[in-house]
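Each remark here refers to the structure printed beneath this line.
The values are calculated or read from the model by the stated rules, or taken from the named source; none is laboratory data. In this text, all values refer to a predicted model and were calculated from it rather than measured experimentally. No Cβ is skipped: glycine too gets one built from the backbone with ideal geometry, and neighbour counts run over all protein chains shown. All accessible areas refer to the heavy atoms of the entire protein, side chains included, with ligands and DNA or RNA removed. Shrake-Rupley method; radii C 1.70, N 1.55, O 1.52, S 1.80 Å.
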Amino acid sequence: MSGFSILQSSLQARINSRSMGVKLIVVCGLALLMSIPALFVGALVEDRTERETAVIREISGHVGGQQIFLGPTLAIPYHVAPETPGDFAKHGMYLVFPARASAVVKTLTEERRRSLFKVPVFQADLKLDGTFDLAGVPAAAPPGAELDWSRAEIVVGVSDPRGALADAMLTTEGKTSTLAPAEMAQEISIGNDPNQHIKLTLFGSKVEGVAKPNSQFSVTSALRFSGAQRIALVAYGKTTRLTVQGDWPSPGFDGGFLPITRSLSSKGFSAEWSVPFIARGVRAEGPSDSIAGLDATALGISFIEVADPYQSVNRSLKYVPLFLGLIFLSYFIFEVTTGKRVHPAQYILVGVGQIIFYLLLLSIAERIGFDFGFLLAGTATVVLLSTNAGWVFSSRSQGTRALSIFTLLYALIYMMLRLEDNALLVGAIASFLAVAAAMYFTRGIDWYSPLPVTGTGERQVTSPRPDTA
């Protein structure tokens with residue numbers, strides 16, 4: 001026998017002697033390796049998400065964005081005389097919040113579309129009431145401060161005045177006036193965090209003769225504004241009650257306080273808040289530059305898209321290693337139970353098909369929604385992988401088995417995405433059952449035995465030579 005023939009026989013014997021245990025390790029390594037392309041799909045999802053954010057920012061800029069409102073508040077200018085000759089007098093704005101505040105907000109929403117992206121925008125009618133009791137005012141004025149009651153104003157605040165749809169009106173003791181930019185200050189900061197500058201633009205109306213020491217009076221402000229995604233009202237009274245009604249079916253309640261009652265239906269929602277003075281955490285009066293933390297009292301409603309396709313696809317990508325591992329494990333069980341060898345290149349093709357599933361899911365979901373997108377992309381991928389199994393193992397029955405198993409796997413991943421809170425539990429149980437099934441179906445396998453060379457299902461066994469005397 002020539003040297004080349006001996007080398008060829010040696011290599012063939014080495015290939016044939018590779019155990020199925022080594023092949024399982026190779027398959028596991030391929031499953032981890034094929035998880036890397038999923039990172040590029042994740043980068044694509046992030047890019048689409050950034051594009052969506054840019055569209056939301058653009059549309060919001062035209063309708064007013066996320067709106068925050070401050071109800072009727074009494075603003076009184078004051079000055080402090082200089083202590084020594086040559087010093088300058090100090091001027092400021094003294095704020096007095098209503099003793100009792102009551103607000104009613106009604107919203108109508110619609111979705112504005114730009115290309116594939118949509119943004120929930122709203123129109124809000126706000127009725128903001130306040131009852132003032134000025135007995136003992138000022139109680140927190142700076143030393144030596146003198147209040148100019150003749151220039152007192154009732155002011156309201158809004159985060160983005162570009163969303164105004166009508167003139168803001170103020171009714172004081174039966175007299176109605178139109179709110180105009182406040183004379184004392186154009187804006188006020190309501191944030192307690194120096195890194196977050198939350199400012200509201202102020203509009204006001206003079207209340208000369210009504211606002212005076214020890215007086216009591218009531219005011220009502222009517223506003224109509226547009227905005228996008230979120231509307232909030234700060235607790236502007238010592239005691240504040242707020243009622244909100246809207247037609248958005250899936251609102252999110254946020255801010256410093258949650259509603260005491262809420263009602264949700266497919267036709268809309270309603271909610272009520274009650275914030276007592278001891279829970280508000282902001283004093284009832286004081287200089288404008290010393291009153292902070294109003295942003296923490298915001299009573300907010302967010303208009304949420306329940307089925308955000310990008311968020312859902314991004315969550316599904318987190319299960320790529322588990323999903324690929326289960327599919328590769330299924331192919332390996334087919335391999336060891338049928339005796340048909342599967343080349344690593346065929347495993348790679350299966351992994352590529354699985355990665356393309358996520359591309360299909362992303363491209364379809366952003367057009368028709370995640371649920372129908374998953375149905376179409378999942379059906380196409382299951383049919384492809386099952387057909388491929390029938391081709392690889394040259395068996396229609398194996399293709400049918402693969403169709404059943406892969407259908408269950410895709411149903412599992414969809415259920416995990418929808419369960420959210422219980423997804424980890426379901427995934428852990430499914431993984432446990434998958435490993436248990438693999439142990440059962442391979443219980444009779446000799447992992448040290450060589451891989452079969454043909455599809456006959458018979459393993460090559462080297463018969464011992466008989467002893468010769």
If each part is reduced to its alpha-carbon centroid, segment 377-408 and segment 20-56 end up apart, in Å, by 22
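Quick one: length gained pulling Glu208 to Asp289 fully straight, 0.36 nm per residue minus the C-alpha distance?
Working: separation 81, 0.36 × 81 = 29.16 nm, distance 2.37 nm.
Residue separation times 0.36 nm, minus the Cα-Cα distance, leaves 26.8 nm.
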Out of Tyr319, Ser159, Val383 - ranked by how far each Cα lies towards the positive end of the dipole of the chain, with unit charges on the beta-carbon of charged residues - the top one is Val383
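Of Trp273, Trp149, Trp391, which has the most accessible area with a 1.4 Å probe, and how do the rest follow in descending order? Let's see the in-between values first.
Values: Trp273 0, Trp149 45, Trp391 180 Å².
Output order, biggest surface exposure first: Trp391, Trp149, Trp273.
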In debye to the nearest 20, the charge dipole size for segment 120-228, taken about the Cα centre with +1 at each Lys and Arg Cβ and -1 at each Asp and Glu Cβ, equals 180
The set of residues whose placed amide H lies less than 5 Å from the amide H of Asp160, leaving out same-chain residues fewer than 5 positions away, is Ile68
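Give me the dipole magnitude in Debye, nearest 20, for the chain about the Cα centre, with unit charges on the beta carbon: positive for Lys and Arg, negative for Asp and Glu.
Working: 39 positive and 38 negative charges, 431 e Å.
Computed about the Cα centre, the dipole is about 2060 debye.
Once you've got the Cα coordinates, tell me which of Lys127/Lys212; Lys175/Lys267; Lys238/Lys267 are over 31 Å apart.
Values: Lys127/Lys212 24 Å; Lys175/Lys267 37 Å; Lys238/Lys267 33 Å.
Going by Cα-Cα distance, Lys175/Lys267; Lys238/Lys267 fall outside the 31 Å limit.
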Length gained if Arg315 through Ala345 is fully extended, taking 0.36 nm per residue and subtracting the Cα-Cα distance, is 8.0 nm
Projected onto the charge dipole of segment 38-133 (unit charges on the beta-carbon of Lys, Arg, Asp and Glu, signs +1, +1, -1, -1), the Cα from Ser115, Phe69, Val45 with the largest positive-side position is that of Ser115
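In units of 2.2 N^0.38 Å, what is the alpha-carbon radius of gyration of segment 28-147? Numbers along the way, then the final one.
On the way: Rg = 27.0 Å, N = 120, 2.2 N^0.38 = 13.6 Å.
Normalised Rg, Cα atoms only: 1.99.
Using R₀ = 56 Å, calculate the FRET efficiency as 1/(1 + (r/R₀)^6) where r is the Cβ-Cβ separation of Val104 and Phe441; round to 0.05. Walk me through the numbers on the way to the answer.
Working: r = 65 Å, r/R0 = 1.17.
For Val104 and Phe441, the calculated efficiency is 0.30.
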Once phi for every residue in segment 140-146 is put through the Karplus expression 6.51 cos²θ - 1.76 cosθ + 1.60 (θ = phi - 60°), the whole-Hz ³J(HN,Hα) values, with Gly and Pro written as x, are 9, 6, x, x, x, 6, 10
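Residues of the chain: accessible area per residue at 1.4 Å, in Å²?
Each residue of the chain exposes 52 Å² on average to a 1.4 Å probe.
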Distance in nm between Asp371 and Ser274 label points, each 7 Å along Cα→Cβ, equals 3.7
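So what's the back-of-envelope 222 nm ellipticity for the chain, counting only DSSP H runs of four-plus at -39500 (n - 2.57) apiece and dividing by all residues, rounded to 500?
Working: 10 runs with 179 residues, N = 469.
That calculation yields -13000 deg cm²/dmol at 222 nm.
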In the chain, taking the dipole from +1 charges on Lys and Arg beta carbons and -1 charges on Asp and Glu beta carbons about the Cα centre, the listed residue (Gly351, Thr239, Val219) farthest towards the positive end is Gly351
Percent relative contact order for segment 174-254, counting Cα pairs under 8 Å at least six residues apart, stands at 20
FRET efficiency for His91 and His197 from the Cβ-Cβ distance with R0 = 22 Å, rounded to 0.05, comes out at 0.50
Residues whose built amide H sits under 5 Å from the amide H of Val137, excluding neighbours closer than 5 in sequence, are Asn214
Scalar couplings 3J(HN,Hα) for segment 314-329 by Karplus 6.51 cos²θ - 1.76 cosθ + 1.60 (θ = phi - 60°), nearest whole Hz, x for Gly and Pro, are 5, 5, 5, 5, 5, 9, 4, x, 5, 5, 4, x, 5, 5, 5, 5
Once normalised by the length of the chain, the mean sequence separation of its alpha carbon contacts under 8 Å that are 6 or more apart gives a contact order in percent of 18
Under the 7 Å Cα-to-Cβ spin-label approximation, Thr400 and Arg224 lie apart by a distance in nanometres of 6.8
Taking 0.36 nm per residue of separation between Asp148 and Asp247 and subtracting their Cα-Cα distance, the length gained on full extension comes to 31.2 nm
Note, segment 248-261: 3J(HN,Hα) by Karplus (6.51, -1.76, 1.60, θ = phi - 60°), whole Hz, Gly/Pro = x, goes 7, x, 9, x, x, 9, 9, x, x, 9, 9, x, 7, 9
